[in-house]
Amino acid sequence: MDRERTFAIPDEVCQQAGLSANWYSCNKFSVHAYRHVTARLRDKTSEFAPCKAMVHHVRFDVMLFHPITRKLINESNGTFLAGQKLIEKAGGIDTRGDLLKLSRQYRSIVRACLENLQHGASHNDSSKELYLELVAIFYNVEFLWHLCEILYVDVIPGDVVLPQLMEWIKFHFFHHERQAQAILSGDYGSSVLDNGAENEPQYWSTVIGLVLQGRLDGARAVLKLHSASLSEPFKAVDYVMRTMPLYNVFGGLSLTEFSMRWKGWQNETSCKLQAGTFSSRKELELIITLMVGNAEAFLEVKDHCGTWYQFMASWLLYTEPTVKSFDLSYHAHQCIAKFGGISRLKHSDLILLALMESDLYQAIRLIEQTSENGWFAAHLTNLLHQCGCLNILENQQGSQTASLAIDLHEQLLLDYGTLLMSHHSLWQVGISYLDYCPKEGRARIEVLLPTLPLGSEARALKIIQAARERDLHHIVASICKIMGMRSYQQQRLGNALTWALQSQDAGFATYLANKFLELYSQEGKFHSMDLLDNLGSCMLVSDRLTFLGKYCEFHQLYQSGEFRDAAVLLVTLLASRLAPKSFWMTLLTDALPLLESNDIVLTSEDTYELLNSMEELLGDGHISDIVSTTGSDKMAPVHDQSANTNSIMGEKVKLIRLALARNLARSLNHEGCLMD
């Protein structure tokens, strides 16, 4: 469980006036000074004004965002997506075997994280406490997941769960096994009779611990190191352990046959015990008394088990080895009572009890309260949902909420995905979880995706790609506009135009096209020619951008010597009225070399169109606009500009009219000769 913490806000105004808080983002809220005002209070200036008001952002520490645990997030995401694809491709086929593999993959990921944390704890003294806390949390996660895997994921023929429960206990509680290895690795001389291992302080406690965990081969090996191992009581104990039947679903015996063998072995062992075969050795007598399932003997060695579930597994091993999963709840309560009752249980004990009672709703709710920020609850519930185990919840709740299982599954994925979306580099992982929330996932993505800080262009492109993959075109347009305005403010017109084209924003594209034309009028050259020369169909976003693209194409044709095509394009630009009137004089000026060329490039019809444009321009009174866009005026001194404007424009108009008249005469004469 998370500990309650108190944070002090370093703000004098907040201390005097009071506090108010509002949610700011996924894992942050903003705190600021606030005094509640009601309708009955007089309207007056605050006694704290003027003051330095500040807004403080407070966020909770997310354990999953630690550098080591982030590896856990990425690896488990791959397993999560593999599970989703498996279910999509299954088509009604039983996938329990594949889901069991996925469950073990999850556990192996957690175990790898544990190893990294233990390594970090041994090499970082400054953060050792944090590492050890994380070790405890994830050890508990793997421990609980393992039991869930046994009870709900693995398909056990006959539902005889004790063999798996014993493996669960052995896997997680190996203290006695290590002690046995230490004893077995000792040197006790050439003759065991001269130097026995029973002088080891933990000798008998190790043997009893091994017996309680069903490690009978290890117990026999340790007993053989006793100085009296060749005596009759030790030989009898070795025989009892060696002949004890252990149930194996693949052993070839039915439950009935195994039960008969078990009862026969137990009766034979009880007879030897009653005959006093082991009475000369109290320790051996206690061991055999345990193996025949004596309740008083188990209470005597209760401390060797440590926990009620270890005690339960040992008790069932020697009293009911063919116990079914639905009987675990009864035995669990019996063992809990021997350890002080339910009031003495820890949080993890309550989760174990709920799992054994098949109360998955309670188990998941308790798992949600663990300290690993929802990773465990989200992934385990998703796996149980894929196995069909959450249908138990629907049956438990009846008609109160028919979709309880689906809602619970989706809510946990939503919470976990939203948490990851708050991280600057894990948001792509988070969005993959929201994709599999059919009810609210898309809406959550639409809310969270625009709130991600854009940062660099590479990051913005990743966010745009994520939005496009989900057909969120309005988010794509919004981000492109933001990046386009940012580029424009940085005087990067070409980059800004690229973003405008991506957003298909006609207004912004028109504004930028005007800026390009304005710079051309001032400097006599285009910026970002590589982009303008390759606009293609993108120029159709706006009329002004279409004109800009075609005008650049005109310059390309002219520079390549294709004068006739260039002339036709120039006339078309004027005739279509795509160009702003402030730019018409520039176009007419560009026509001068074509009008004065040796070869007739412009026909009489083209010349009439140019004349018409010239007269319309002058007749509408756009002279001032024309003057402001001509490139020749930029070099004039400020005090001479107003005086020279009329003369410059007059000369330019005369030159254009003269060229038009001469070309009209030439073209009419040429066309008349062709007709003759």
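The values are calculated or read from the model by the stated rules, or taken from the named source; none is laboratory data. Every value quoted in this text rests on a predicted model; they were computed, and no experiment measured them. Virtual Cβ from ideal backbone geometry, glycine too; neighbours counted across all protein chains shown.
Among the candidates 82, 121, 112, 136, which residue alone is at pLDDT below 90 and in a helix (DSSP H, G or I)?
After applying the criteria, what remains is 121.
Within region 139-163, restricting attention to residues that are part of a helix (DSSP H, G or I) and of a type in the set (D, E, K, R), which residue is nearest to residue 386 (Cα to Cα)?
149
Suppose the filter is under 22 Å from residue 519 (Cβ atoms), polar (S, T, N, Q) and in contact with a helix residue (DSSP H, G or I) (Cβ under 9 Å, 6 or more places away or on another chain); does residue 490 pass it?
For residue 490, the condition - under 22 Å from residue 519 (Cβ atoms), polar (S, T, N, Q) and in contact with a helix residue (DSSP H, G or I) (Cβ under 9 Å, 6 or more places away or on another chain) - is met.
Quick test for you: out of 578, 532, 501, pick the one residue that is outside any helix (DSSP H, G or I), aliphatic (A, V, I, L, M) and not assigned by TED's automatic domain parsing to the domain that holds residue 428.
After applying the criteria, what remains is 578.
Among the residues that make up region 409-417, is at least one of them in a loop (DSSP other than H, G, I, E, B) and either at pLDDT 90 or above or of a type in the set (A, V, I, L, M, F, W, C) (or both)?
no
For the structure I just gave you, tell me whether residue 228 is surrounded by 12 or more Cβ atoms within 10 Å (Cβ to Cβ), under 23 Å from residue 204 (Cα atoms) and over 52 Å from the mean Cα position of the chain (by Cα). Spell out how you get there, then give the answer.
Numbers: surrounded by 12 or more Cβ atoms within 10 Å (Cβ to Cβ): yes; under 23 Å from residue 204 (Cα atoms): yes; over 52 Å from the mean Cα position of the chain (by Cα): yes.
In short, yes.
For a quick check of your reading of the model, give me the residue pairs whose first member lies in region 239-266 and is in a loop (DSSP other than H, G, I, E, B), whose second is loosely packed, with under 14 Cβ neighbours inside 10 Å and modelled with pLDDT under 90, with beta-carbon atoms closer than 6 Å and at least 6 apart or on different chains.
Short answer, once both residue conditions are applied: 249/157.
What number of residues within region 535-549 satisfy the criterion of being of a type outside the set (A, V, I, L, M) and not in a helix (DSSP H, G or I)?
1
Going by what's in this entry, would residue 370 be described as in contact (Cβ under 8 Å) with a residue 24 or more places away in the chain, assigned by TED's automatic domain parsing to the domain that holds residue 421 and of a type in the set (Val, Ile, Thr)?
No; evaluated as a whole, the condition is false for this residue.
Might you let me know whether region 426-447 holds any residue that is in contact (Cβ under 8 Å) with a residue 40 or more places away in the chain, assigned to a helix (DSSP H, G or I) and in contact with a strand residue (DSSP E or B) (Cβ under 8 Å, 6 or more places away or on another chain)?
no
Among the numbered criteria (1) closer than 21 Å to residue 141 by Cα; (2) surrounded by 18 or more Cβ atoms within 10 Å (Cβ to Cβ); (3) not assigned by TED's automatic domain parsing to the domain that holds residue 176, which single criterion is violated by residue 308?
(3)
Hey, residue 42 hits all of (1) in contact (Cβ under 8 Å) with a residue 24 or more places away in the chain; (2) surrounded by fewer than 17 Cβ atoms within 10 Å (Cβ to Cβ) but one; which does it fall short on?
The number of the failed condition is (1).
Can you find a residue in region 553-566 that is surrounded by 20 or more Cβ atoms within 10 Å (Cβ to Cβ) and either in contact (Cβ under 8 Å) with a residue 40 or more places away in the chain or closer than 22 Å to residue 506 by Cβ (or both)?
There is no residue in region 553-566 that is surrounded by 20 or more Cβ atoms within 10 Å (Cβ to Cβ) and either in contact (Cβ under 8 Å) with a residue 40 or more places away in the chain or closer than 22 Å to residue 506 by Cβ (or both).
So which of 436, 488, 520 is under 30 Å from residue 382 (Cα atoms) and outside the structural domain of residue 585 (by TED's automatic domain parsing)?
Criteria check complete, one pass: 436.
List the pairs whose first member sits in region 639-666 and is surrounded by 11 or more Cβ atoms within 10 Å (Cβ to Cβ), whose second member is of a type in the set (Asp, Glu) and modelled with pLDDT of 80 or more, and whose Cβ atoms are under 9 Å apart, counting only residues at least 6 apart or on separate chains?
659/596; 662/596; 663/596; 663/606
So residue 512 passes all but one of these: (1) touching a Gly at 6+ places or on another chain (Cβ under 6 Å); (2) surrounded by 19 or more Cβ atoms within 10 Å (Cβ to Cβ); (3) not hydroxyl-bearing (Ser, Thr, Tyr). Which condition number does it fail?
Looking at each condition in turn, residue 512 falls short on (1).
Is there any pair with a first residue in region 594-608 that is over 16 Å from residue 658 (Cβ atoms) and a second that is polar (S, T, N, Q) whose Cβ atoms are under 7 Å apart and which are 6 or more apart or on different chains, and what are they?
Filtered contacts from region 594-608: 600/667; 603/667; 604/667.
When residue 533 is evaluated against the numbered criteria (1) buried (at least 19 other Cβ atoms within 10 Å of the Cβ); (2) out of contact with any Lys or Arg (no Cβ under 7 Å at 6 or more places or on another chain), which criterion, by number, is the only one it fails?
All conditions are met except number (1).
Conditions (1) polar (S, T, N, Q); (2) in contact with a Lys or Arg (Cβ under 7 Å, 6 or more places away or on another chain); (3) more than 27 Å from residue 316 (Cα to Cα); (4) crowded, with 19+ Cβ neighbours inside 10 Å, marked per residue:
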position: 346; (1), (2), (3), (4): no, no, no, no
position: 358; (1), (2), (3), (4): yes, no, no, no
position: 362; (1), (2), (3), (4): yes, no, no, no
position: 370; (1), (2), (3), (4): yes, no, yes, yes
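Would you point out the residue of region 134-169, among those that are closer than 15 Å to residue 110 by Cα and free of Cβ contacts under 8 Å to residues at least 24 places away in the same chain, that is surrounded by the fewest Cβ atoms within 10 Å (Cβ to Cβ)?
Among those residues, the one meeting the criterion is 136.
Tally time: how many residues in region 290-343 are within 20 Å of residue 255 (Cβ to Cβ) and touching a helix residue (DSSP H, G or I) at 6+ places or on another chain (Cβ under 7 Å)?
Result for region 290-343: 13.
Out of 526, 583, I need the residue that is more than 22 Å from residue 614 (Cα to Cα) and aromatic (Phe, Trp, Tyr). Which one?
Numbers: 583 fails: more than 22 Å from residue 614 (Cα to Cα).
Result of the check over 526, 583: 526.
All but one of (1) closer than 20 Å to residue 323 by Cα; (2) in contact (Cβ under 8 Å) with a residue 24 or more places away in the chain; (3) in a helix (DSSP H, G or I); (4) of a type in the set (S, T, N, Q) hold for residue 269, so report the exception by its number.
Unmet condition: (1).
Taking the condition without any contact (Cβ under 8 Å) to a residue 40 or more places away in the chain and surrounded by 15 or more Cβ atoms within 10 Å (Cβ to Cβ), does residue 236 pass?
Taking the combined requirement at face value, the residue does not satisfy it.
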